[in-house]
1. I'd like to check something: does the stretch 191-214 contain any residue that is under 27 Å from residue 107 (Cα atoms) and at pLDDT below 95?
2. Restricted to the stretch 291-347, and to residues that are acidic (Asp, Glu) and closer than 28 Å to residue 169 by Cα, which residue is surrounded by the fewest Cβ atoms within 10 Å (Cβ to Cβ)?
3. Taking the stretch 96-125 as the region of interest, how many residues are under 18 Å from residue 246 (Cβ atoms) and touching a residue at least 24 places away in the same chain (Cβ under 8 Å)?
4. Of everything in the stretch 232-254, what is surrounded by 22 or more Cβ atoms within 10 Å (Cβ to Cβ) and part of a loop (DSSP other than H, G, I, E, B)? Give them in sequence order.
5. Would you check if residue 148 is in a loop (DSSP other than H, G, I, E, B) and at pLDDT 90 or above?
6. Looking at (1) without any contact (Cβ under 8 Å) to a residue 60 or more places away in the chain; (2) closer than 26 Å to residue 295 by Cβ, which one does residue 369 not meet, given that it meets all the others?
7. Determine, yes or no, whether residue 344 is touching a Gly at 6+ places or on another chain (Cβ under 8 Å) and closer than 30 Å to residue 289 by Cα.
Amino acid sequence: MTRPARVLVGYLKKLGYQVEKLGTGEIYRVDSQVIWFDYSRERPDDPGSFFHGTSKRIFEDFYGRFPGYFFIVFLLGYPEASAGIVVDGRRFKEIMRNKGPDTRGDWKYQVRQIGDRYFLKTWGTGDFDITDGLHKYELLGLTHEQALSIREELASIHPRNLLTSEDPDAIIDQFREWLKTNTAQTHLTIIEREKHDVQALMTKLRGMDKAGPEFDEWVLYGLLPYSKTKYAKRVSTFAVFQNLKAFFKDYGYSDADWHFIALSIFKLADRFANSPDSLGIAIREFTDNKRYSRGFQCGSITPILFCINDSFPIVNNRVIHTYDDFATLLNWNDNLHQRLEFYLENVQKCKRLIDTLAEPEFQDFAVFDLFCYWYDQYYRKEEEPRPDIEEEMGDRTTVKPIDFVPFVNSLNLENVGKFDPRSLKNPDTIMEEKRHQRFHRLNF
């Protein structure tokens with residue numbers, strides 16, 4: 001895929017600037033300035049929302065080497081145009097001062113448009129108004145006329161015209177080669193083990209006292225997909241949460257509320273396990289209670305459903321990004337939704353895409369998930385190979401092998417004390433499904 005940064009870099013060269021690519025990713029020296037271009041597309045189901053991840057290690061390396069003239073340019077891909085927000089490295093460093101990275105070493109955050117203002121939302125350390133950097137390319141050393149030209153150039157860039165030259169068959173051919181690697185095969189093995197683990201945990205939960213706190217803990221910190229943190233009772237390769245209660249602390253849930261949430265999640269999963277054809281009814285019952293279901297959407301619930309019955313695909317951000325790109329390539333006016341109430345529609349859309357691509361391996365939803373991961377993580381980013389690429393992939397695929405059934409059965413749950421985890425400073429990785437604002441476009 002042609003990256004917007006590449007388009008801008010080519011345009012800067014035409015303007016006579018000396019441009020040099022600096023290592024991995026979209027980081028360039030433009031005359032005396034060092035610029036990190038960070039592109040993100042607007043979420044189709046959450047207008048005005050752009051998710052970003054910045055490697056703490058890479059940022060600190062470049063900021064340390066080029067203090068005073070290191071900038072991040074957030075390139076925001078709207079459906080009809082793109083815009084840029086320039087943020088000085090010193091300011092970004094101050095914004096992230098109290099935010100810790102995730103398990104991959106990345107700062108995760110969101111740029112959100114609210115009306116005609118733009119905010120960098122850090123999920124835990126504050127919201128920062130960065131509107132003053134919108135289209136301020138003069139901060140990079142450009143003249144006012146050149147800045148206007150860059151603004152016009154960006155206005156012509158949008159996801160559809162970035163994708164029109166792509167060949168789906170060529171993309172799939174590349175994936176087939178990657179699928180042969182040890183990394184890919186290890187990932188598939190991990191998925192199979194996770195399916196076994198979730199089914200074993202469901203069996204254990206069915207036999208537990210549903211009124212006890214241990215039941216709540218195993219649903220909230222075991223059944224839901226967790227990354228590798230001290231709070232996790234089970235580590236998932238489809239990780240969403242780091243610390244559930246900390247993430248939703250602003251909702252003010254009581255212990256009774258959390259019990260109701262845990263029971264609702266289990267009932268949804270158990271009803272689906274016993275009667276897959278009743279999933280639509282089970283989802284409606286779960287989502288009807290907006291107070292308790294609002295934070296649990298496709299990204300956190302569908303990994304459980306897939307592990308119970310792998311005829312139902314996972315729908316998370318990776319899958320949504322991949323589907324959206326291919327829908328554009330195929331001229332479908334279509335996208336996947338993150339909200340759980342649309343999951344069954346998403347299932348049919350994924351099947352339609354798989355049938356259209358005519359790749360037999362994708363009939364296995366584990367392989368289809370792996371394709372979406374590969375596409376979003378590697379092909380779509382179009383980054384140069386890094387020495388630690390296997391290690392990074394390992395954060396998603398290499399979970400320490402556990403024979404889960406004996407492990408769960410060996411626990412004396414009656415003697416477990418009340419689980420009251422301390423809050424993480426920076427819970428992240430899932431999106432709050434709030435629709436309280438109506439977002440407006442600036443006239444680009």
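The values are calculated or read from the model by the stated rules, or taken from the named source; none is laboratory data. Just so it is clear, the model here is predicted, and its values are computed rather than measured. FYI the Cβ positions are ideal-geometry reconstructions off the backbone, even for glycines, and counts take in every protein chain you see.
1. Taking every residue of the stretch 191-214 in turn, none turns out to be under 27 Å from residue 107 (Cα atoms) and at pLDDT below 95.
2. Filtering the stretch 291-347 down to residues acidic (Asp, Glu) leaves 310, 324-325, 334, 341, 345.
Now restrict to residues that are closer than 28 Å to residue 169 by Cα: 310, 324-325, 334, 345.
Details: 310: 16, 324: 19, 325: 23, 334: 15, 345: 11.
The extreme case among them is 345.
3. Of all residues in the stretch 96-125, those under 18 Å from residue 246 (Cβ atoms) come to 98-103, 107-110, 121-125.
Within this subset, residues satisfying the condition of being touching a residue at least 24 places away in the same chain (Cβ under 8 Å) are 98-103, 107-110, 122-125.
Of the residues in that region, 14 qualify.
4. Pass one, the stretch 232-254, residues surrounded by 22 or more Cβ atoms within 10 Å (Cβ to Cβ): 236, 238-244, 247.
Matches in the stretch 232-254: 236, 238, 239, 240, 242, 243.
5. Working: in a loop (DSSP other than H, G, I, E, B): no; at pLDDT 90 or above: yes.
Judged against the criteria, residue 148 is not a match.
6. Of everything listed in (1) without any contact (Cβ under 8 Å) to a residue 60 or more places away in the chain; (2) closer than 26 Å to residue 295 by Cβ, residue 369 misses just condition (1).
7. On the way: touching a Gly at 6+ places or on another chain (Cβ under 8 Å): yes; closer than 30 Å to residue 289 by Cα: yes.
Criteria met by residue 344.
For every residue, the table says whether it meets (1) more than 24 Å from residue 123 (Cβ to Cβ); (2) aliphatic (A, V, I, L, M); (3) out of contact with any Cys (no Cβ under 8 Å at 6 or more places or on another chain).
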site	(1), (2), (3)
13	yes, no, yes
25	no, no, yes
28	yes, no, yes
54	no, no, yes
63	no, no, yes
66	yes, no, yes
73	no, yes, yes
